[in-house]
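Structure incoming, see below.
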């Protein structure tokens with residue numbers, strides 16, 4: 001609901017604040033007083049294009065600010081997109097234009113692009129009349145409106161179609177992923193097979209190259225190693241030309257033991273030397289064994305060199321060390337194993353997809369038939385509403401078509417496009433004069449005729465429409481008497497669930513308003529201003545009398561105006 005509208009330096013408006021109420025808000029005034037300026041300002045708030053022509057003469061900026069109360073959770077979702085925290089279901093939208101042609105938009109004080117106002121404005125306000133911000137004119141909304149009207153019969157089928165379609169898409173996406181994987185695998189399967197076979201044939205062992213390098217060094221230096229070990233063994237143990245270290249140490253131990261009984265200080269030294277002697281003997285035996293194992297084997301060296309050459313070639317080719325090559329081989333082998341199962345998995349998914357497609361086509365056709373039934377009921381209801389509004393020659397149709405698509409699903413032998421909404425393209429068509437063909441609703445004439453057609457539609461869809469504020473601009477153009485009274489009564493009924501702003505010249509419609517604003521144009525010190533005042537009591541009677549009788553207000557028009565207000569109260573049940 002539009003709570004308040006503040007306009008500053010906009011067209012003929014200097015500084016204006018209007019507090020709208022719930023129910024039916026009436027805006028009246030003489031032609032040229034500036035009623036359309038109010039509507040233009042609201043259009044600016046909901047994202048319509050901003051022009052520098054809107055700026056009041058002599059000013060550098062024009063601004064419009066509006067406060068709304070709302071209940072639609074979709075509005076919170078849009079606010080979240082722009083990082084704006086909801087504030088107790090209250091929304092303040094502002095728009096400023098400067099003389100340089102720049103426009104600045106804000107939601108709850110945070111600057112946003114004008115496109116954000118358009119997105120959120122569609123959920124807040126519907127304007128019917130000479131302006132194009134009408135949700136009913138957008139054919140994209142027609143399927144939603146029809147489904148809302150047929151909610152009881154349609155909702156279950158629509159939910160099933162939506163669920164099956166999403167499932168169908170998920171399976172299709174999985175098939176595409178697997179097919180891509182298989183195509184990628186197919187392109188490299190020969191290489192993978194070769195690499196796995198090559199690495200498998202190499203029979204790699206972790207750190208094998210390190211061990212082989214050490215063995216090669218031993219064989220290449222076998223003579224030197226043997227000489228060093230032989231010399232050490234000879235000095236420590238064998239002693240060909242002179243006594244060995246062990247022989248000499250053994251003699252020292254024997255001499256010390258011979259004096260231990262009468263020379264105690266030598267005890268510890270003797271024990272230590274004995275330990276050293278035993279250890280040197282062990283070392284000598286180890287050296288001897290190492291010496292005996294040293295052997296220059298030319299054939300073994302050749303084998304090692306060949307093996308190292310293979311390992312180094314593989315490391316260079318793959319750019320990996322031995323542990324990495326082993327890991328790569330395992331991964332490649334696993335990929336080959338997985339790929340072997342892809343075709344089978346794809347076949348299973350395609351079989352599942354066919355089952356889903358069959359169920360989807362059946363449910364989509366079921367939804368199609370339910371929509372046709374609801375469309376027929378809507379056409380009958382709209383025809384009745386149009387007759388009440390004095391438009392008995394206007395024809396309204398809900399056009400339901402199926403769009404052919406070679407890649408779609410099969411319905412009754414035809415390939416048709418399907419989406420989460422089903423298989424239907426829905427558009428409201430209208431013919432305003434006898435003999436004229438039916439045309440899309442968006443092509444109907446502007447002004448009062450358009451507004452009355454919209455009113456007829458709104459009379460039906462108001463019960464399911466979430467948009468809280470409806471604006472009708474000069475809905476009374478070309479009508480009067482009983483038809484104007486009917487229009488007013490329909491507006492009053494709709495205003496029980498929706499806030500309505502109605503610009504009108506009809507006293508019958510104006511009398512049924514819950515709040516009445518008078519728009520006036522005044523000349524002060526050579527400057528023209530548009531002002532707005534809330535009419536109550538005698539002032540409202542006088543305005544209705546002016547609308548009834550023109551410039552001269554007589555006692556009869558005053559009485560007539562009062563009678564209209566009394567009748568309006570009875571109609572509204574006040």
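The values are calculated or read from the model by the stated rules, or taken from the named source; none is laboratory data. Predicted model only: the values in this text are computed from it and were never measured. A quick note on method: Cβ atoms are made from the backbone with ideal geometry, for glycine too, and the neighbour counts reach across all protein chains shown.
Tell me yes or no: at least one residue of the stretch 413-433 is at pLDDT below 85 and at positive phi.
Yes, that holds for at least one residue.
Return the residues of the stretch 296-352 that are farther than 25 Å from residue 191 by Cα and in contact with a helix residue (DSSP H, G or I) (Cβ under 9 Å, 6 or more places away or on another chain); say none if nothing qualifies.
296, 297, 298, 300, 301, 304, 305, 349, 350, 352
Residue by residue, here is whether (1) touching a strand residue (DSSP E or B) at 6+ places or on another chain (Cβ under 9 Å); (2) in a loop (DSSP other than H, G, I, E, B); (3) over 26 Å from residue 73 (Cα atoms) holds:
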| residue | (1), (2), (3) |
| --- | --- |
| 111 | yes, no, no |
| 117 | yes, no, no |
| 155 | no, no, no |
| 172 | no, no, yes |
| 179 | no, no, yes |
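So that you can scan it fast, the table gives a plain yes or no per residue for (1) over 52 Å from the mean Cα position of the chain (by Cα); (2) farther than 18 Å from residue 313 by Cα; (3) not assigned by TED's automatic domain parsing to the domain that holds residue 336:
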position	(1), (2), (3)
171	no, yes, no
185	no, yes, no
208	yes, no, no
216	yes, no, no
228	yes, yes, no
233	yes, yes, no
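For residue 415, work out the one condition from (1) in contact (Cβ under 8 Å) with a residue 24 or more places away in the chain; (2) touching a strand residue (DSSP E or B) at 6+ places or on another chain (Cβ under 8 Å); (3) not in a helix (DSSP H, G or I) it doesn't fulfil.
Among (1) in contact (Cβ under 8 Å) with a residue 24 or more places away in the chain; (2) touching a strand residue (DSSP E or B) at 6+ places or on another chain (Cβ under 8 Å); (3) not in a helix (DSSP H, G or I), the lone unmet condition for residue 415 is (1).
Can you pull out the residues in the stretch 521-574 that are part of a strand (DSSP E or B), over 17 Å from residue 510 (Cβ atoms) and without any contact (Cβ under 8 Å) to a residue 60 or more places away in the chain?
522, 523, 524, 527 - these are the residues of the stretch 521-574 that are part of a strand (DSSP E or B), over 17 Å from residue 510 (Cβ atoms) and without any contact (Cβ under 8 Å) to a residue 60 or more places away in the chain.
With surrounded by 13 or more Cβ atoms within 10 Å (Cβ to Cβ), free of Cβ contacts under 8 Å to residues at least 24 places away in the same chain and outside any loop (DSSP other than H, G, I, E, B) as the only criterion, which of 286, 270 stands out? Walk me through it before giving the result.
Values: 286 fails: surrounded by 13 or more Cβ atoms within 10 Å (Cβ to Cβ).
Every option except 270 fails the conditions.
Would you be able to tell me the number of residues in the stretch 201-221 that are in a helix (DSSP H, G or I), under 19 Å from residue 327 (Cα atoms) and in contact with a helix residue (DSSP H, G or I) (Cβ under 7 Å, 6 or more places away or on another chain)?
3
Quick test for you: out of 549, 573, pick the one residue that is outside the structural domain of residue 37 (by TED's automatic domain parsing) and in contact with a helix residue (DSSP H, G or I) (Cβ under 9 Å, 6 or more places away or on another chain).
549
Pull up the stretch 442-458, narrow it to residues that are at negative phi and surrounded by fewer than 21 Cβ atoms within 10 Å (Cβ to Cβ), then point me to the one that is modelled with the highest pLDDT.
443
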